[in-house]
Amino acid sequence: MDLPLSKNPCNPIQKKNKFEQSAVSIVNAKKILLMAAISLTVNKKQYHIDADPEMPLLWAIRDIIGLKGTKFGCGMAQCGACTVHLDGEAVRSCVTLLGRAEGQEIVTIEGISENTSHPLQKAWIELQVPQCGYCQSGQIMSAAVLLRENPHPTDQDIDEAMMGNLCRCGTYNRIRKAIHRAAEIMNT
Amino acid sequence: MLDRRHFLRLSGLSGLGLVLGLGWKPDGQELIATGSDIATIRLSPYIIIESPGTITIMNPMPDMGQGTFQSVPAMIAEELEVSLEQVKIIQTGGEKEFGGQTAGGSNSIRGHYQKLRTVGAAAREMLILAAAGRWKAAVTDCYASDAVVYHKPTGKSFTYGELAEDAGKLPVPQHPQLKDPKDFKILGKNYPRPDVPLKVSGKAVYGIDVELPGMLYASVAHCPVFNSKLISYDDSDTMRIKGVKKLVRFQRALGAHKYDAVAVVADTYWAAYKGKLALKVKWDYQGNDRFDTEAYEQSLRDMAGKEGQVVHSEGDFETAFHSAPVQLSSFYELPMLSHSPMEPQNCTAQWHGKDQLEIWVSSQGADRVKKDITRNIEIPAENIKVNILFSGGGFGRRLYNDYAVEAASIARELDVPVKMIWSREEDTQLGPFRPPTFSAMKAGLAADGKPLAFQHKVISPSMGSTMEDKNDTSGESSSMTEGISTQAYELPNMKNEYVFSQMHIPLAAWRSVTSSTLAFAHECFIDEMAVKAGKDPMEYRLGTLLTKPSDTKRLLLKLKEVSGWEKPLPAGWGRGVAQYEFFAGLGGYVVEVSSTDRSSVRIEKIFMVIDLGTVVNPDTVALQVEGAATMALTAATKSAIIFKNGQSRQTNFHNYPLVRINEMPEVEVHIIAEGGAKIRGVGEPGLPPFAPALGNAIFAATGKRIRKLPFNLNKV
């Protein structure tokens, strides 16, 4: 059985593949990849890079700036492994074009705390959340925005905020518990 | 080849002073000291104790999330009497001396429990003997704890580092005394994993994170229609993209298959990927674009009446079935699936000169990486150095190292390291996939419900035949009928068969292998028999099918107890039970569901019992089971790989959805670990019984019997 996507209520996030589309449209227009000087602020540090403004932020963070904690999972904002903060908002860096990120405060998993001391990181360690761990940077970055906006989230609040982050290993139950635990740590 | 300095640099050993190295002879029959010559350090030392006191334990089992990075060395540490904090762990790289280094088949703990504990115990005895020798004391007056040997009467002590050189000169005890499990300090306890702080701070290094000086990136144009031949390609647009350096035409090697492919190599992944999208490739599909899943499934249904290869026969099925007062038969259909680990397939390769290759990769087995490379590229295995990084999931996909052969093939055309990364689309579409299996079930019952005849006939393509591109062999029938003839149920006149169907698409092991599909048919049909017999499904299993004591019976009794099976449920609720025993182990579920309209179903509660015999880290077991339940829920209700016009219509997570956090109920995990010789696996047994327990619960709540996966929980 193959559920039509629009009718599949279990698949709430159905964004278009912007990454693919932008790449394809560039190719169709036969444009040559343009390079431009772009300045980025990542984890409070300034970087001046020469890159294609249409390059997704993800690849600039990983391959040019060299911070590997932000992961590539799908390239179309479906899995959340690449989640970073852009001026305090959780965004999927795999579909955020470099041009859009310029001049904004970017925070990655490496920048959310010194010495792994963020309450979420402490809770994640206490409850031993990760399995393979590949999605966990993105999970924590999404959860950080949730807790900032809502210091006492309910299970339902957590589900709604974390729905965009996939985990193939199945750590969802632990993630839910760890967010509650982090809220506790933050509020004491 | 590894010389001493090279090995020391790679392994981070100081090389100061002398070491006690201890390991197994390559044949696994004899425990040997690697002696006092540091040059012999690479002769299989699982344990390396250096004079300054550093203790290193080699881990042969790659970690893809199952916790083996620590749980495997923990078995050595326990017997060696060192705490996990004192130990440095190094991942092996497929060196011949370590033997099999592949994590698969839920074998990492059960396959090494005895062997690695013996390694640790032998080293402990040698260290104690060395200390006793210096004190001229009786061995019985000495004991070891936290990497120190103590002399009980005087309280004197030596650290392991101080004893290593002497100990290394002693003969190796072949039958060291293993610890009594009641004295365990590590095994059986919930100790925290050292990789967790790395994984919550972005510091854990996965294959995709490797960065080397001068490295280039590759993105590959593959054809999603299998067996297509590349006619030609136009790279004019690709070459205009800034950063694109080179195109490499090569073949993807998977099993016996060679698939044409073109790699675009560039100075960033983005440029390589854009270059790949801009490439215009002409493919000759060789007629394979006519392949549709729908038609293929119909052909499997049409084969159901065919007589298959008999894989198990006991009594006289035909006579017993036809003369049975009650007869029932059902047909179950399970789809193809992609593994879809979160980290897309990737590999970094570098050639040092023409005959030395170095690989950095997320893989389930360093030894298999070497095997897959040497099968396709002319290079001796000892000239390949494999660096195993953390894997962003594996689930069976990373047993097949086609991506490593690809990276090696591409890098051979360049004199710099190349990191090749697949897109999610490639990861979803290119296989190898979980085999689809269809099951024709038959049973004859007596008037009182007692089974008189039973048949499970599997109709499917096979893994080996599709990977190795050959017709079915008798060996395949056993792996494609995994577990169906060896359940503990007392079923007389059982005749199980296998009907082979050709397929050109590569199929392979997917977490819990063929049990991941067959258990659904088997355990739902047992439920159908219970219903036909007018019995409660738990009581039917326990009272009618399992009259003698067995591990399965013990498991079901435990499930009955922890789930409160006999407690009445609210109106509209239903409970389902299922268990499955197969090569990896034994587990079972009770699932509770509710439905207000007999159409949309909500999972209320999941109870799981896993029978292990012995447990190394109970918290990791709970995680593995929670994860297996999540993966099984995805497989039951979310995704299938459906081919249309020769290629998978599913490409990425928007049309190959996985269960999300809002859809995952609580899982309560119970472990049976009563000791004994038998040790069962952890990673896979949580998968097969989940879907049938869910299906059986849905029947109990709604009266609807699900016989085809996946199904929609909102409209059963």
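Derivation of every value follows stated rules applied to the coordinates shown; laboratory data play no part. Since this is a predicted model, take the numbers as computed values, not measurements. When we count neighbours, we look across all protein chains shown, and the Cβ atoms used for this are built from the backbone with ideal geometry, even at glycine.
Karplus couplings for the stretch A:151-166 from phi (6.51 cos²θ - 1.76 cosθ + 1.60, θ = phi - 60°), rounded to Hz, Gly and Pro as x?
So the Karplus estimates, Gly and Pro as x, are x, 10, x, 8, 3, 5, 4, 5, 4, 5, 6, 9, 4, x, 10, 7 Hz.
Ordered by residue, what ³J(HN,Hα) values in Hz, to whole numbers, does the stretch B:508-522 give under the Karplus form 6.51 cos²θ - 1.76 cosθ + 1.60, where θ = phi - 60° and Gly and Pro are x?
7, 5, 10, 1, 6, 6, 6, 5, 5, 10, 5, 4, 4, 4, 4
Using amide H atoms built in the peptide plane, which far-off residues or other-chain residues are under 5 Å from residue B:641 H to H?
B:336, B:337, B:338
By the gyration tensor of its Cα atoms, with a ≥ b ≥ c the square roots of the eigenvalues, what is the shape of chain B: rounded for a/c under 1.5, prolate for a/b over b/c, or oblate? Mind showing how you got there, number by number?
Details: a/c = 2.09, a/b = 1.19, b/c = 1.75.
Cα axes put chain B in the oblate bin.
Only residues of the stretch B:591-619 count here: report those whose backbone N is under 20 Å from the spot 7 Å along Cα→Cβ of residue B:328, or say none.
B:591-593
Please list the three semi-axes, largest first and in whole Å, of the ellipsoid equivalent to the protein assembly as shown, using sqrt of 5 times the eigenvalues of its alpha carbon gyration tensor.
Details: eigenvalues 332, 294, 161 Å².
Taking √(5λ) for each Cα gyration eigenvalue gives 41, 38, 28 Å.
How high is the FRET efficiency from residue A:126 to residue B:233, r the C-beta distance, R0 56 Å, rounded to 0.05?
Working: r = 53 Å, r/R0 = 0.95.
About 0.60, to the nearest 0.05.
Taking amide H positions as placed in the peptide plane 1.01 Å from N, state which residues far from residue B:573 in sequence (5 or more) or on other chains have amide H under 5 Å from it.
Answer set, sorted by chain and number: B:595.
Taking a cut-off of 22 Å between Cα atoms, list the lysines near residue B:678, but don't count ones fewer than 8 places away on the same chain.
Qualifying lysines at Cα under 22 Å: B:115, B:179, B:182, B:185, B:189, B:548, B:553, B:558.
Using packing as a proxy for protection, rank B:688-696, A:50-58 so that the peptide with the highest average count of other Cβ atoms within 10 Å comes first.
Values: B:688-696: 31.1, A:50-58: 22.3.
Result, highest mean Cβ count within 10 Å first: B:688-696, A:50-58.
What is the gain in length, in nm to one decimal, between residue A:46 and residue A:184 on full extension, counting 0.36 nm per residue of separation less the C-alpha to C-alpha distance?
Values: separation 138, 0.36 × 138 = 49.68 nm, distance 3.41 nm.
Stretched fully, the residue A:46-residue A:184 segment lengthens by 46.3 nm.
Taking only DSSP H segments of four or more residues, each worth -39500 (n - 2.57), what value at 222 nm results for the protein assembly as shown once the sum is divided by all its residues, to the nearest 500 deg cm²/dmol? Could the numbers behind the result be given before it?
Values: 24 runs with 251 residues, N = 904.
Per the formula, -8500 deg cm²/dmol.
For residue B:600, what charge total do you get from the other residues with a beta carbon under 12 Å from its beta carbon, if Lys and Arg give +1 and Asp and Glu give -1? Mind dumping the intermediate values first?
On the way: positive: B:598, B:602, B:704, B:715; negative: B:597.
In short, +3.
Report the Cα centroid-to-centroid distance between the stretch B:378-420 and the stretch A:157-188 in angstrom, as an integer.
35
For residue B:356 and residue B:468 in the same chain, what is the full-extension length gain: residue separation times 0.36 nm, less their Cα-Cα distance, in nm?
Contour length minus the Cα-Cα distance gives 37.5 nm.
How far apart, in nanometres, would the label points at residue B:319 and residue B:571 be if each is projected 7 angstrom from Cα along the Cα-to-Cβ direction?
With each label placed 7 Å out from Cα toward Cβ, I get 5.2 nm.
Among A:85, B:257, B:322, which comes first, second and so on when ranked by fewest other beta-carbon atoms within 10 Å? Walk me through the numbers before you get to the answer.
Numbers: A:85 23, B:257 19, B:322 11.
Least crowded to most crowded, the residues run B:322, B:257, A:85.
How long is the gain from residue B:282 to residue B:645 if the chain were fully straight, where each residue apart is worth 0.36 nm and the alpha carbon distance is subtracted? Mind dumping the intermediate values first?
Details: separation 363, 0.36 × 363 = 130.68 nm, distance 1.63 nm.
Net length gain for the segment: 129.0 nm.
Which residues' amide hydrogens lie under 5 Å from the amide hydrogen of residue B:508, considering only partners 5 or more residues apart or on another chain, with H built in the peptide plane?
Excluding prolines and chain starts, which carry no amide H, the hits are B:433, B:434.
Taking the Cβ of each residue in B:206, B:191, B:160, B:143 as the centre, tally the other Cβ atoms inside 10 Å and list the residues starting with the fewest. Could the numbers behind the result be given before it?
On the way: B:206 23, B:191 20, B:160 29, B:143 15.
Arranged by neighbour count, lowest to highest, B:206, B:191, B:160, B:143 become B:143, B:191, B:206, B:160.
Summing +1 for each Lys or Arg and -1 for each Asp or Glu, what net charge is found among the other residues whose Cβ lies under 14 Å from the Cβ of residue A:160? Mind showing how you got there, number by number?
Details: positive: A:176, B:660; negative: A:149, A:155, A:157, A:159, B:663.
Around residue A:160, the charge tally is -3.
Given a Förster distance of 45 Å, report the FRET efficiency between residue A:149 and residue B:146 from their Cβ-Cβ distance, rounded to the nearest 0.05.
The calculated FRET efficiency here is 0.45.
What is the order of B:478, B:236, fewest Cβ neighbours within 10 Å to most?
Values: B:478 14, B:236 10.
Ranked by crowding around the Cβ, least crowded first: B:236, B:478.
Would you mind counting up the charge near residue B:668? Only other residues with Cβ under 15 Å from its Cβ, with Lys and Arg at +1 and Asp and Glu at -1.
Values: positive: A:174, A:176, A:177, B:558, B:560, B:567, B:575, B:605; negative: B:561, B:592, B:604, B:619, B:626, B:666.
With Lys, Arg at +1 and Asp, Glu at -1, the net is +2.
Once the Cβ-Cβ distance between residue B:448 and residue B:312 is put in as r, and R0 is 30 Å, what FRET efficiency do you end up with, to the nearest 0.05? Write down the numbers at each step before the final one.
On the way: r = 25 Å, r/R0 = 0.85.
Given R0 = 30 Å and the Cβ-Cβ separation, E is 0.75.
Setting aside same-chain residues fewer than 8 positions from residue B:152, which aspartates and glutamates have a Cα under 14 Å from its Cα?
Qualifying aspartates and glutamates at Cα under 14 Å: B:141.
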